[in-house]
Each structure stands twice: as C-alpha cells, then as structure tokens.
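Peer 1: I'd like to ask some things about the structure below.
The values are calculated or read from the model by the stated rules, or taken from the named source; none is laboratory data. Owing to the predicted nature of the structure, the values given are computational and were not obtained by experimental measurement. A quick note on method: Cβ atoms are made from the backbone with ideal geometry, for glycine too, and the neighbour counts reach across all protein chains shown. We work out accessible area using only protein heavy atoms, side chains counted, and drop any ligands, DNA or RNA first. Shrake-Rupley method; radii C 1.70, N 1.55, O 1.52, S 1.80 Å.
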Amino acid sequence: MAVNQLSETQQKVGPPLWLLAELTYDCPLHCPYCSNPTELGDKKHELSTKQWLKVLTEARAMGAVQLGFSGGEPLLRKDLEIMVKHGRELGFYTNLITSGIGLTEKRIAKLKKAGLDHIQISFQGADPEVNDAIAGRGNAYQQKFKMAQAVKAQGYPMVLNFVISKQNINQMADILRLSCELEADYVELATAQYYGWAYHNRDHLLPSQEELVEAERIVNEFRQQQQGKGPQFIFVTPDYYEERPKTCMNGWGSTFLTVTPDGSALPCHSAKMLPLKFPNVKDKSIDDIWRKDFSFDYFRGDSWMPQPCQSCDEKEKDFGGCRCQAFMLTGDMHKTDPVCSKSPDHHLIEQAITNAKTPSAPLIMRVNDPQEIARIKL
Amino acid sequence: MSEQTMIPILNSMFRFQYEPAQNCHVLLFPEGMVKLNDSASEIIKLIDGNSSVEQIVKLLAAKFPEAGDLTDDVAGFLITAVEKKWVHYGS
Ligand code: SF4
Ligand code: SF4
C-alpha cells in the first residue's frame, strides 16, 4: 500500500460522533467494579488545558456531537469549566459523568454558566450502607443524594447510573424508588462490565442468572406501573448470560473516540490493554488519528475476522463482539468473542459463571497508588 | 381549550440544532442524538414556547404555500413528539 493511499474501510469511515474525554484517572472512590486500567499511569503525563481544547476543536470540526467528560473523577480537573465552555461554544452536547464527590452547589452553577448540558451521577447502592461499602468511602451516599437534588434544582437533565453487581442487585426495588425520589430523567441499571478492576473482581461481582431474572422482572413490573411518568429505566444484563456478544462500540472506529488522560486515542475506553500501538493526540491530529491511523482501521470491516465469524451471517450485526473481551479471555484479540455460543472458547464464559458462585481470590478495591492495594470484604 | 390553541414547548432535556456533518437538524439529549427530516425540523423551528399549534400551521403555510393544508401533518408530528417526550404543552 502506498503511503498516501487510504484503505477501503478508511475511505468509507464517517466522523466520530462521540468524544469521551477521560480527563484524569484520579478518583476519590475505590469501586471494585471500576473499568479504568489497573495501571493508571503517571499524573504528570496528563494533557494540559490547551491540549484538551485542541482535541475538542478538532473532533468537533470532524462532526463529533456528543462530548463526555469522565475519568476517574473529572471534577478533580480545576479547568473543567474552561473545557465545558469551549465544548459548548463549538456546538457539542456536553455531558459530565461524575461520582458526585467534590461537587458543590456553587460548582454546579458555575458549570451551568459555562454551558454544561447534562450531569450523570453514579450510585453504588440504594442506601448509605451498601453504597459506601462499594465506593470505599464514608458519607459518599449522602453527598451523592444531596448533589443529585441540587442538579435537578438547577434545571439540568439528570441521568443516574447504578452499576449493578452481586452486592446491590437485591436492592432493585429500592433503587427504583430512589431514582423516582431524585427525579432522574434516565436511569441506567447496568451490570458491571468486566474490564480493568472489574475483571480482577469478576467472581465477586457477577450476579447469578436467577438474581438477574428477578431484578429484570422487578424493573419490568415497575415500568408498567409508571404509565409514561417518572424516570426512564434502562436495564443492561451482562453479556455473559447472552447467546450473542454485544455490538462493541457500534463497530470499531465507527462512532466512538476515547482520549485518555495522557492523550492516547482509543476506539473504546478499554482498548489500551490490546497489543496494538495507539496514537497520541500530542503527536497527531484527531483527523489523522481517525481516518489514517493503523490501529483505528485495524478492526474495521470484516477482513480481519477468523472463523466462525468470517462465514457467519450475523457478522454485520455484532462485528464478532468485543475485542477486549476476546483478548482478556483467550489471549488473542482477533478471536470470536467467547460470549458467542458459536465461539470455540465459549466454555470460558461458562467457567466464569461457575467460578462466580464461589469466589476464591479476595475482592480488590480500586486504588490510585498500586502500593496501597486495599482488600475489603463486602 | 381546543387542540389548535395549545402551545407546544420543546422539553428542556432536548437541544435542537443544525449539524453540518449530518447535513440535517438534530435533537440532542443526554448521550444521544436523533436526526430529523426536513418537515420535522421546519415544525420544531417554529416551536418557540409562544406560538400555538394554529399559529405554527399558519406560519408554515406562509413559508411553503405550495404544500397545501398542513394541519394534519403538524398534528401528526406533535403526537409523535409528545410520545417521545420532545415536546409538551404549556397551559
Ligand atoms: S467506577 Fe468508581 S472508582 Fe472507577 S472511575 Fe468511576 S467512580 Fe471512580
Ligand atoms: S460467530 Fe461471530 S459474527 Fe457470528 S454471532 Fe458469533 S460473534 Fe457474531
């Protein structure tokens, strides 16, 4: 291939519609389900304000329209307001994805003034006891509760995100009530995805099929009583119990662009684990990264697919599933996602479900400094 | 109050804007986007929180005289828009 020539898939690619700006991996919480990488890198390599503003400008020029500020805890960046303001002025819909820790009424107002469109707050449980045990921090629940009220009082659309695991799945009815009390607009009830810290803790987190069926039943029943009023609930089961894998990020390099705290550009927030060399926004423009970088083109289309995906009539639907999951479970990122019942590695998923019934290793809470690995029995 | 005099209001959850890269108008909301066709966006453009359904129909007729009577089209769109919670009615 000549240097300037674009591959067939590169020529066809549309703009990245979603830009996820992971501003910092620092976080005041210690959730064992955290999907951040377990090696968080050095804080001094974090992008500067100026570098972030350039990323926003370039992504918007390509047609990106949703902008998420996340982390870690994005509120730890003092320049968050500057970035929100810039993003909003460019025409992005700006989303703040926060634990709620570090939020104050004053900061909510400042962010509003900067043009922030929406705030998403994560909860770990429906009461202080469960919530704070999972978050690994006292008074976290109370703070989240107060800030959720303040977010609504200041007129924002609000999404609540409950990461569902064994530890809180039996609280489903209370979670639904809490969401109504806080007047959330959307509520994500998503079982943890097993990346990063969550992968290490999978046996402790993964609910049983019976627990999931019961939780989903409670949600469906509640929905029927809502009659179109109150929050919209979105229930996401772990793909471990499905016959087919999830469509990873709507297709590799097709919609999502994540930029990590140190400037690595990724097609998905957990892709850093893969044995691919990803570009950095410090060295290349977003346009070059999206349209021309080898790593972003690597899993586009279907020519990379092995069997059984290659000759499968569902390959347009799920693109062979999640590359990170294939890599984590089989050691080969090209393989069919083991979640698929057609995968020769599907027994790995069945094994994981069995292991989750009797976890053997201790639960590890997320830490920012690898020296202080905390072990807490929930 | 008849349906024609009701005043549709765009829900604050949604932001309406033109997206050059999509070559169309869109509604943006938390972590999502819907692309709108031309007639939907022409109607939403006129939903300003002051104009009634009747007035919106009139304004459209003035803008697109060749289109004929648009009462039913506007009503049809508004039913969908209320269902999807894009729009609610002021009192
Ligand atoms: S999952 Fe928990 S620890 Fe991880 S970034 Fe989110 S709030 Fe922080
Ligand atoms: S074989 Fe591959 S393409 Fe077919 S359903 Fe399974 S993961 Fe999807």
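Peer 1: In the structure displayed, which of A:12/B:35; A:12/A:54; A:12/A:317 lie more than 22 Å apart, Cα to Cα?
Peer 2: Check vs 22 Å cut-off fails for A:12/A:54.
Peer 1: Right, something else. May I ask for the Rg/Rh ratio of chain B, computed from Cα atoms with Rh as the Kirkwood radius, given to two decimals? All intermediate terms of the calculation are to be shown ahead of the outcome.
Peer 2: Numbers: Rg = 13.0 Å, Rh = 13.5 Å.
Looking at chain B, the ratio lands at 0.96.
Peer 1: Need the full-extension length gain, residue A:310 to residue A:354, defined as separation in residues times 0.36 nm minus the C-alpha distance. One decimal, nm. Walk me through the numbers on the way to the answer.
Peer 2: Working: separation 44, 0.36 × 44 = 15.84 nm, distance 2.98 nm.
Stretched fully, the residue A:310-residue A:354 segment lengthens by 12.9 nm.
Peer 1: Separate question: At 1.4 Å probe size, what's the solvent-accessible area of residue A:163? Round to the nearest 10 Å².
Peer 2: In the full protein context, residue A:163 sits at about 20 Å².
Peer 1: Interface size between chain B and chain A, please: total buried accessible area, 1.4 Å probe, rounded to the nearest 100 Å². Don't skip to the end; give the middle numbers.
Peer 2: Details: alone 5810 and 17260 Å², together 21640 Å².
Summing both chains' loss of accessible area gives about 1400 Å².
Peer 1: A further question on this structure: Partner chain Cβ atoms within 10 Å, averaged over the residues of B:16-26 - can you pull that number for me? If you can, show how the numbers build up before the last one.
Peer 2: Working: counts 0, 3, 1, 5, 3, 9, 5, 1, 0, 0, 2.
Other-chain Cβ atoms within 10 Å of each residue's Cβ, averaged: 3.
Peer 1: Between the alpha-carbon centers of the range B:2-37 and the range A:21-75, tell me the distance in whole angstrom.
Peer 2: 29 Å
Peer 1: Around residue B:16, which amide H atoms from residues at least 5 apart in sequence, or from another chain, sit under 5 Å from its own amide H, with H modelled in the peptide plane?
Peer 2: Hits under the 5 Å cutoff: B:28.
Peer 1: Right, something else. So what are the ³J(HN,Hα) numbers for the range A:196-210, from phi and the Karplus equation (6.51, -1.76, 1.60; θ = phi - 60°), rounded to whole Hz, Gly and Pro as x?
Peer 2: Running phi through 6.51 cos²θ - 1.76 cosθ + 1.60 with θ = phi - 60° gives x, 4, 5, 5, 4, 9, 3, 4, 7, 9, 4, x, 7, 4, 4 Hz.
Peer 1: To the nearest 10 Å², what's residue B:69's accessible area with a 1.4 Å probe?
Peer 2: In the full protein context, residue B:69 sits at about 120 Å².
Peer 1: Mind listing which trypsin sites (Lys or Arg not before Pro) in the range A:30-94 are in a DSSP loop and have 11 or fewer other Cβ atoms within 10 Å?
Peer 2: Numbers: sites: A:43, A:44, A:50, A:54, A:60, A:77, A:78, A:85, A:88; in loops: A:77, A:78.
Loop-located and lightly packed - A:78.
Peer 1: Report the charge-dipole magnitude of the range A:219-312 in Debye, nearest 20, computed about the Cα centre from +1 at each Lys and Arg Cβ and -1 at each Asp and Glu Cβ.
Peer 2: Values: 11 positive and 11 negative charges, 34 e Å.
In debye, rounded to 20, the range A:219-312 gives about 160.
Peer 1: Give me the one-decimal nm value for the distance between modelled label points at residue A:280 and residue A:78, 7 Å along each residue's Cα-to-Cβ direction.
Peer 2: Placing both labels 7 Å beyond Cα along the Cβ direction yields 2.4 nm.
Peer 1: Let me ask you something else. Rounding to the nearest 20 debye, state how big the charge dipole of chain A is about its Cα centre with +1 on each Lys and Arg Cβ and -1 on each Asp and Glu Cβ.
Peer 2: On the way: 43 positive and 47 negative charges, 232 e Å.
So the magnitude is around 1120 debye.
Peer 1: What average number of partner chain Cβ atoms lie no more than 10 Å from the Cβ of the residues making up B:29-36?
Peer 2: On the way: counts 9, 14, 11, 6, 5, 0, 0, 0.
The shielding value for this peptide is 6.
Peer 1: Pull up all non-local amide H partners of residue A:235: gap of 5 or more, or a different chain, and H-to-H distance under 5 Å with H placed in the peptide plane.
Peer 2: Under 5 Å from the amide H of residue A:235: A:189.
Peer 1: Among the lysines, which have Cα under 20 Å from the Cα of residue A:166 when same-chain residues fewer than 8 positions away are ignored?
Peer 2: Reachable lysines: A:357, A:377.
Peer 1: Roughly what % antiparallel, to the nearest 5, for the DSSP beta bridges in the protein assembly as shown?
Peer 2: Values: 17 of 51 bridges.
Percent antiparallel among DSSP bridges in the protein assembly as shown is about 35.
Peer 1: Ordered by residue, what ³J(HN,Hα) values in Hz, to whole numbers, does the range A:108-124 give under the Karplus form 6.51 cos²θ - 1.76 cosθ + 1.60, where θ = phi - 60° and Gly and Pro are x?
Peer 2: Whole-Hz 3J(HN,Hα) from phi for the range A:108-124: 4, 5, 4, 5, 4, 4, 6, x, 4, 8, 7, 10, 10, 10, 8, 10, 9.
Peer 1: In straight Cα distance, which lysines are under 16 Å from residue B:58, not counting same-chain residues fewer than 8 positions off?
Peer 2: Within the straight-line limit of under 16 Å, residue B:58 reaches these lysines: B:45.
Peer 1: Which of the residue pairs A:78/A:292; A:246/A:272; A:50/A:284 have a Cα-Cα distance greater than 26 Å in the structure shown? Don't skip to the answer; put the middle values down first.
Peer 2: Working: A:78/A:292 33 Å; A:246/A:272 19 Å; A:50/A:284 15 Å.
A:78/A:292, as the Cα separations exceed 26 Å there.
Peer 1: Which residue fluctuates the most in chain A, going by a Gaussian network model with Cα springs under 10 Å, if the choices are A:358, A:237, A:104?
Peer 2: A:358
Peer 1: Taking chain A as a Gaussian network, where each spring joins two C-alpha atoms under 10 Å apart, which residue of A:142, A:66, A:225 fluctuates the most?
Peer 2: With Cα springs under 10 Å in chain A, the top fluctuation among A:142, A:66, A:225 is at A:225.
Peer 1: Quote the accessible area belonging to residue B:6 in square angstrom, nearest 10, computed with a 1.4 Å probe and with ligands, DNA and RNA left uncounted.
Peer 2: 40 Å²
Peer 1: Can I ask one more? Identify all aspartates and glutamates with a Cα-Cα distance to residue B:85 below 12 Å; exclude those on the same chain that are fewer than 8 residues away in sequence.
Peer 2: Within the straight-line limit of under 12 Å, residue B:85 reaches these aspartates and glutamates: A:185.
Peer 1: Return the distance in nm (one decimal) between the two label points of a simple spin-label model at residue B:21 and residue A:104, each offset 7 Å from Cα along Cα→Cβ.
Peer 2: If labels sit at residue B:21 and residue A:104, their model points lie 3.6 nm apart.
Peer 1: Taking the Cα of residue B:54, stepping 7 Å toward and past its beta carbon, and measuring to each backbone N in the range B:1-32: which are under 16 Å?
Peer 2: Residues passing the 16 Å test: B:1-8.
Peer 1: Something else now. Find how much the distance from residue A:341 to residue A:242 grows on full extension, using 0.36 nm per residue of separation minus their present alpha carbon separation; answer in nm with one decimal. Please report the intermediate quantities before stating the final value.
Peer 2: Working: separation 99, 0.36 × 99 = 35.64 nm, distance 0.84 nm.
Fully extending the segment from residue A:341 to residue A:242 adds 34.8 nm.
Peer 1: While we're here: Averaged across orientations, what area in nm² does the convex hull of the alpha carbons in the range A:201-272 project? Present the calculation step by step, with values, prior to reporting the outcome.
Peer 2: On the way: hull surface 30.5 nm².
Computing the convex hull of the Cα atoms and averaging its projections yields 7.6 nm².
Peer 1: What ³J(HN,Hα) values, in whole Hz, does the Karplus curve 6.51 cos²θ - 1.76 cosθ + 1.60 give for the range A:266-272 when θ = phi - 60°, with x put for Gly and Pro?
Peer 2: Whole-Hz 3J(HN,Hα) from phi for the range A:266-272: 10, x, 6, 5, 9, 5, 4.
Peer 1: Before rounding to the nearest 500, sum -39500 (n - 2.57) across all DSSP H runs of length at least 4 in chain A and divide by the residue total; then give [θ] at 222 nm in deg cm²/dmol.
Peer 2: Details: 15 runs with 131 residues, N = 378.
Value at 222 nm, helices only: -9500 deg cm²/dmol.
Peer 1: So, one more: Would you mind checking which residues have amide H under 5 Å from residue A:258's amide H? H placed 1.01 Å from N; only 5 or more apart, or other chain.
Peer 2: A:20, A:266, A:268
Peer 1: How large a share of the accessible area of chain A, in percent, is made up of carbon and sulfur atoms when the probe is 1.4 Å and the other protein chains stay in place? Write out the running numbers ahead of the final one.
Peer 2: Values: 8570 of 16590 Å².
The C+S portion of the solvent-accessible surface of chain A is 52 percent.
Peer 1: Also, quick follow-up: For chain A, count the residues as N, evaluate 2.2 N^0.38 Å, and divide the Cα radius of gyration by that value, please.
Peer 2: Numbers: Rg = 20.6 Å, N = 378, 2.2 N^0.38 = 21.0 Å.
Normalised by 2.2 N^0.38 Å, the Cα Rg of chain A equals 0.98.
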